[in-house]
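First comes the structure, then the notes that go with it.
The values are calculated or read from the model by the stated rules, or taken from the named source; none is laboratory data. Every value quoted in this text rests on a predicted model; they were computed, and no experiment measured them. Cβ: placed from backbone, ideal geometry, glycine included. Neighbour counts: every protein chain shown. These area figures cover heavy atoms from the full protein model, side chains too; ligands, DNA and RNA do not enter into them. Shrake-Rupley method; radii C 1.70, N 1.55, O 1.52, S 1.80 Å.
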Amino acid sequence: MIYIVEDDASIRELEQYALQTNSYTAKGFADGASFWAAVYEAVPDLVILDVMLPDEDGYQILGKLRENAATRNVPVIMVTAKTSEIDVVKGLDKGADDYLCKPFGIMEFISRVKAVLRRAQSTAVTPPSSLRFGTIALDDLTRTVTVEGEPVELTFKEYALLHFFLEHPEEVLARERIMKAVWDTDDLLESRTIDMHVRTLRQKLGDAGEAIRTVRKVGYKLSARGTENSDET
């Protein structure tokens, strides 16, 4: 079941029709209140979430979804008329799995839905894990990160980025590979997003963040030994 939260009736009905003609079951809601009433009855497999809504906005709804254990892992595609990078980053940082900027084509819409559902199904069969590198410890069961035993608060995407680094210690990770793994895009026009998140991640990890090293003209590497071609140590 896919829930659509969109106050524009024409867009909501178009999205619902497109999903149904592609063999998906979908329900539409014009506001957060009606959406939450449905969630309490049945948790959806995917949420298509508009940002601008009449009661609470999409970011608020997304935050509540990620805070609730029952809905924490429900994939969410944000739909917004805003196209600035900061709006996109804000949605992704709060836990959105993907985003679409209006206007968009129906073929692109269905393609994004299929991709997000496919990733969600793949993640569902992956057992939780605990990862460690030096004094950094990450626990997927509790979604917590600690450095020397002290908790570190990370955004959704900072957590995903650190998780990816911890899965590939001492391995040079190209920027394209990071974008694909963490943001599910090959578009390096958005690569400034990587730099911004690496910078804030390093700061939050303190001295342990120095292990995330820049590999000039390539990408990044989580390393205790440093990198020969790095411009940061």
Here's a check for you: in region 161-175, which residue that is open to solvent by 50 Å² or more (accessible area, probe 1.4 Å) and not hydrophobic (A, V, I, L, M, F, W, C) is farthest from the chain's Cα centre (by Cα)? Glu170
Residues of region 3-39 being farther than 12 Å from Ile61 by Cβ and without any contact (Cβ under 8 Å) to a residue 12 or more places away in the chain, which ones? Ser10, Tyr17, Gln20, Thr21, Ser23, Ala37
Consider region 154-169. How many of its residues are in contact with a strand residue (DSSP E or B) (Cβ under 8 Å, 6 or more places away or on another chain) and in contact (Cβ under 8 Å) with a residue 24 or more places away in the chain? 8
Any residue in region 40-67 that's within 18 Å of Arg112 (Cβ to Cβ) and open to solvent by 70 Å² or more (accessible area, probe 1.4 Å): show its pairings with residues that are part of a loop (DSSP other than H, G, I, E, B) and modelled with pLDDT of 90 or more at Cβ separation under 6 Å, as long as the two are six or more apart or on different chains. Asp45/Met1
Residue under question is Tyr24, and the condition is that it be modelled with pLDDT of 90 or more, part of a loop (DSSP other than H, G, I, E, B) and among the hydroxyl-bearing types (Ser, Thr, Tyr); does it hold? yes
Tell me which residues, restricted to region 53-99, are hydroxyl-bearing (Ser, Thr, Tyr), at pLDDT 80 or above and over 28 Å from Tyr17 (Cβ atoms). none
Arg12 fails exactly one of (1) over 21 Å from the mean Cα position of the chain (by Cα); (2) within 15 Å of Ile77 (Cα to Cα); (3) exposed (fewer than 15 other Cβ atoms within 10 Å of the Cβ), namely (3)
Of the residues in region 133-181, how many are among the aromatic types (Phe, Trp, Tyr) and farther than 23 Å from Arg192 by Cβ? 1
Of the residues that make up region 156-168, is at least one among the hydroxyl-bearing types (Ser, Thr, Tyr), in a helix (DSSP H, G or I) and modelled with pLDDT of 85 or more? yes
So, in region 34-47, of the ones that are part of a helix (DSSP H, G or I) and under 24 Å from the mean Cα position of the chain (by Cα), which residue ends up modelled with the lowest pLDDT? Tyr40
Could you check region 67-82 and list, in sequence order, the residues that are in contact with a helix residue (DSSP H, G or I) (Cβ under 9 Å, 6 or more places away or on another chain) and farther than 13 Å from Val43 by Cα? Ile77, Met78, Val79, Thr80, Lys82
Does region 100-128 hold any residues that are open to solvent by 40 Å² or more (accessible area, probe 1.4 Å) and at pLDDT below 85, and which are they? Lys102, Pro103, Arg119, Gln121, Ser122, Thr123, Ala124, Val125, Thr126, Pro127, Pro128
If you go through Leu205, Leu189, the only one that is modelled with pLDDT of 95 or more and of a type in the set (A, V, I, L, M, F, W, C) is Leu205
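Let's see how each residue does on (1) over 29 Å from Met179 (Cβ atoms); (2) touching a Pro at 6+ places or on another chain (Cβ under 6 Å); (3) part of a loop (DSSP other than H, G, I, E, B); (4) of a type in the set (A, V, I, L, M):
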residue	(1), (2), (3), (4)
Asp7	yes, yes, yes, no
Arg12	yes, no, no, no
Gly28	yes, no, no, no
Leu49	no, no, no, yes
Met52	no, no, yes, yes
Gly95	no, no, yes, no
Tyr99	no, no, no, no
